[in-house]
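The structure appears right after this line, and notes come after that.
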Amino acid sequence: MDIRELEIFLTVAELLHFGRASQACNLSPSALTRTIQRLEEEVERPLFIRDNRRVALSPAGEQFRTYARRALQDWQAFRGTVKGKETISGTLSIYASITAVYSLLPRLLEAFRSAHREVQLELSTGAAERAVAQVQSGEIDLAVAALPDRQQSQLEFLPIINTPLLFIAPKQGDPAPLPVRDGEIDLQRTPLVLPQKGLSRRRLDQWLKTRRITPNISSEVSGNEAIIAMVRLGCGIGIVPELVLARSPFRDEVRVIEAAPQLAPYVVGLCSTRRNLQRPVVRAFWQLAEERSGVKVDF
């Protein structure tokens, strides 16, 4: 197998459609099918499960996708080393929430694009709590993520900004007073809209556990933006980073609760693997972020 075949396989694995993949790879459908068949013969396992309705990766295909990504990354790193620092090229994939795309990345992406025009940037958006997992799985080179409470093996983090965690409630005319206990909002009697998982959920769960409080959870959602939308509708109170609230189109339709638990703020920054940081294109973006944030992290 060669690099081109790995690129073709990854395109099919991403699109899960042989017709669209053949167009994306500028190949005839028959040529693309033969390429996949050759790979399956070398692996000695089917890489895709195909029927009249859908295409899906087989268990062997899932493992081969991880191998193919790493092989391409190593190849790009080698090419970058041979060419030298002057000609950084290849693909750089970044994952971030919508809020991060609007607030933290624009100037950084502009500066990187200006300095390295041969690099193909790929930007994916989604829930912030999925950022670290995207990097760990090898699907993404870099992610904008909240710094975890504990350092994780093989991962590196570059802090960029601190943002407090705020409790918010709907702002509907003259809002009814929220139940209070010992000078703070009573989370046992107040309906809560919480993230399904993630750092803010873990911190709140720990706070509740130490005080032996059973929360009244009315809804669990994915993504901080969804929490604000649900709170606005009156589904309960929620907890979100201030950075997200400041960028939300619903920021004027919710209010910050002053008498609320004080949780540790988010430290938001870049996340990548040590392996990825050996690639010139990833390292270049990381170093640019270091220069602009004033934070130096050795790796």
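Here are the numbers for this structure:
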| item | result |
| --- | --- |
| Stokes-Einstein diffusion coefficient of region 133-181, Kirkwood radius over Cα pairs, 10 °C, 1.306 mPa s, in µm²/s | 106 µm²/s |
| Ratio of the Cα radius of gyration of region 143-299 to 2.2 N^0.38 Å, where N counts its residues | 1.19 |
| Calculated P(r) tail over 23 Å for the chain, as whole % of Cα pairs | 63 percent |
| Solvent-accessible area of Arg20 with every protein chain in place, 1.4 Å probe, in Å² to the nearest 10 | 120 Å² |
| Percent antiparallel among DSSP beta bridges (both partners in the chain, rounded to 5) | 60 percent |
| Rounded to the nearest 10 Å², the accessible area of Tyr67 at probe 1.4 Å | 120 Å² |
| FRET efficiency, 1/(1 + (r/R0)^6) with R0 30 Å, evaluated for Glu44 and Gln278 via beta carbons | 0.45 |
| 13 Å reach of a label modelled at Arg107, 7 Å along Cα-to-Cβ, counting backbone N of region 154-169 | 161 |
| Carbon and sulfur %, accessible surface of the chain computed with the full protein complex present, 1.4 Å | 47 percent |
| Per residue accessible area of region 3-74, 1.4 Å probe, in Å² | 60 Å² |
| Crossing angle, helix 59-83 versus the chain [Cα axis fit, 0-90 degrees, rounded to tens] | 80 degrees |
| Per residue accessible area in Å² of region 162-266, where ligands, DNA and RNA are left out and the probe is 1.4 Å | 53 Å² |
| Accessible area of Arg38 in the full protein assembly, 1.4 Å probe (Å², nearest 10) | 110 Å² |
| Largest-first ellipsoid semi-axes for region 3-81, taking √(5λ) over the Cα gyration tensor eigenvalues, angstrom | 21, 15, 11 |
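The values are calculated or read from the model by the stated rules, or taken from the named source; none is laboratory data. Model, not experiment: these values are computed from the prediction. Please note: Cβ atoms are built from the backbone with ideal geometry, for glycine as well, and neighbour counts cover all protein chains shown. Protein only, heavy atoms only, side chains kept; ligands, DNA and RNA dropped before computing areas. Shrake-Rupley method; radii C 1.70, N 1.55, O 1.52, S 1.80 Å.
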